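Written out below as structure tokens is the structure these notes cover.
Any read-out appearing in this document is the output of simple, stated calculations on the displayed coordinates, not a laboratory observation. Since we're looking at a predicted model, the values are computed, not measured. Cβ sites come from the backbone with ideal geometry, for glycine too, and all protein chains shown count toward neighbours.
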Amino acid sequence: MESKPDTALLEPTDQHDDTPEPSEDLPEEHEGEASESKSKSEAKSEAKPKKRSRVGPGEKLSDDELVRHLAALLFASSDPLGVDLLVQLLDRPRRPRVVAALELLTQKLSETGLPLEVRAIRGGHTLMTSADLGEVVGRLGKGNAVERISPAALETLAVIAYRQPVTKAEVEAIRGVQAGPILRSLVDRGLVRVLGRADVPGHPLQYGTDKEFLDRFGLMDLGDLPRDSELARD
């Protein structure tokens, strides 16, 4: 008869784990590192200079004062003034206030019946006489009349305005006639300017409209040009 081994002898009486117990100081060390890192990040954030407010002394102006100052600037300037430039000239009031002042000035001029109006032209704003008095004002310049644009030059100018940048060959392909003399005339009159050279063999000159073009036709920017759908509707 076989005898079973004594299980008590097979079981270890004392188990030893060679794995070192985690040190109780370890969490405190990590906690110290985390707090030190946090302190450094807070110090850096405090060291960053705060952004200065862009609002200046002009913000203290009342709405009526802002309109008066705005009207004086538009009247005195020979060139249209953009909103950003007006903000600087008015001593940095908030930009929305300047936009509102332009609208209020337009309203005031309309209510008074004066032949003046605020016009958006060439990327800015300016004071101009009302269109219905153009003939009266035109008497001042009878001795220095603006040179009229011929139909051929006007057609060439329209091609350049809608297709710019465009080369002389492209203008001639659209119109079907030579465009060299007319192009030179438009450049001399400040309506057209050279924008650069095309990236094609020969590198021909590329043409586009100049600021005088926007002034001459009363446009704020090229986005004011009538679209195909508008021309078809007219």
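Just the residues that are farther than 15 Å from residue 124 by Cα and either basic (Lys, Arg) or part of a loop (DSSP other than H, G, I, E, B) (or both), please, taken from segment 62-89. Result: 62, 68. Sort through 179, 198, 161 and tell me the only one that's in contact with an Asp or Glu (Cβ under 7 Å, 6 or more places away or on another chain), surrounded by 15 or more Cβ atoms within 10 Å (Cβ to Cβ) and of a type outside the set (S, T, N, Q). Exactly one residue qualifies, and that residue is 179. Selection of segment 176-213 for residues being assigned to a helix (DSSP H, G or I) and basic (Lys, Arg) yields 184, 211.
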